[in-house]
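Below is one structure, written out as C-alpha cells; the observations come after it.
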Amino acid sequence: MTDGVMRHLYIHVPFCARRCSYCDFAISVRQDTPVGSYVESLRLELDRLDTSGWALDTIYLGGGTPSRLDESVGDVLRLVRDRAAISTDAEITIEANPDDVTHSVADAWVRDGVNRISLGSQSFEPKVLEWMHRTHSADQIGRAFATLRQAGIDNISLDLIFALPESLNRDWAADVDQVLGLHPEHLSLYGLTVEPHTPLSRWIDRGDVDEAPEERYESDFMLAHQRLGAAGFEHYEVSNFALPGRRSRHNSSYWTGASYVGIGPSAHSFDGAIRSWNVVAYTDWMRRLDSGYTIVAEAETLTGENRLSERVYLGLRTIDGLRATDAEIQLARPWQDAGWAEIRNGTIVLTATGFLRLDALAASLTLAGSR
Ligand code: SF4
C-alpha cells in the first residue's frame, strides 16, 4: 500500500457441494449453503477494518464456490460498497461452477456489478469429470457459458486441469479445442498435483492410480501453449492465458507485489510489509467474529530474504519478466542459450520451456542473491 490506498479485495467463500478428488483447499462442504450467517460474519469482519483508505480497482470472490451464494453475491458486494470506494471501472470477478449458473442468477450478478466470471470447467470429458468428483456435467459448461454471455458478461475465464493419470486416457488436445470453441477471453490451466489427505492421494497410496509422468506434464503444457498462442492468446503468466487486454487485473496485482486485503476464512492480506492470514475453518472464523476474538491466525513481516525470493519468483512467472541486476543477468545467460529465457533491456523473461522450470530457475537466482 505504497501510496496509502488499498486497491484490491479478495473475499473467500468457503462453501462447496462436495470435495473434488484432488482438492485440499480451505472449504466447508455443505448441501445447504448458510448464506445468511456467512454474510453476517463478513459484515462483522468488515466492521473491524479501516476501509477509509480503500479505493478498490478489483474485487475477487474466490473459494470454495462463490456461485453457491446465488443472488446473495449482491448482499456481499453491498457490504463492501457501503464501506469503501470502488472505482467505476473496477474488475469484479466471481468464481462459478457451471451447475450454479442460471439465467436469473447471472442477471442478478450483472445487476450487482459483477463483470468477470471464472468458470470452473476442468475438462469436457464425462469420465474425467466423474473421476474428479465434479458436480457438473460437460454439457453444463457450455450452457453456463451461453447463459453468462446472454446476461451480458463479456469477460469469462475458464479453468482446465492437465497432466492427468495416463490410465484415464484423457484427450487433452480435444479439451483445449473444446474450450477454444467457446471463445472465452481468458484461460487458466493447472497441472494436477497430489495433495495429502485428498481422495486422489489415497487412490495413489492404494495403488489404484499412478501420477502422470513428468513428460505428460510437459507435453500437455506445451500443446496448450502452442494451440492457445495460435488462437491469439498471450501466455502471460505460467498458468494463465488471455486475449489482448484481458489479463486478470486482480491476479496480476498479486504478481506485481501490490498490497491486497482478504476477508473470509483462510483469506490472506498483505500491506506491503506484513503478510497475515485468517483462521481456516469456517465455524472457527464465524465464532471468533461473533465473540469478539481475533480472526488472524498468523502474521509475518517479510525479511530481506523473503523479499528477494518474492521479487525473483513473481518477476519470472509473468512475461513482463524480472527487472534484473547485472549479476542475475550473468546467471541467466545460459538459460537464454538453452531456450528457457530471453534477456531484453535488463529484464529476464522466461519462455514457455522456461516456465516449465520456473521453480528451479527462481531458486538458483535466489540462492545466488542470498550468498
Ligand atoms: S469446487 Fe473448487 S474449491 Fe470446491 S472442492 Fe472442487 S476444486 Fe475444491
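Here, each number is a calculation from the coordinates, and none is a lab measurement. All values derive from a computational prediction rather than experimental measurement. All Cβ positions, glycine included, derive from the backbone under ideal geometry; neighbour counts span all protein chains shown.
Worth pointing out:
- Contact order relative to length of the chain, as percent, for alpha carbon pairs under 8 angstrom and 6 or more apart: 16 percent
- Cα gyration tensor shape of the stretch 20-65, rounded if a/c is under 1.5, else prolate or oblate by comparing a/b with b/c: oblate
- Between the stretch 283-338 and the stretch 207-244, the Cα center-to-center distance that results, in Å: 23 Å
- Considering the stretch 252-354, its Cα convex hull presents a mean projected area of 8.0 nm².
- Pairs of alpha carbons in the chain whose separation is greater than 25 Å (percent): 58 percent
- Entry note, the chain: the mean residue ellipticity at 222 nm calculated from DSSP H runs of n ≥ 4, each adding -39500 (n - 2.57), is -12000 deg cm²/dmol after division by the residues and rounding to the nearest 500.
- Cysteines not pairable in the chain (beta carbon separation under 4.7 Å absent): Cys16
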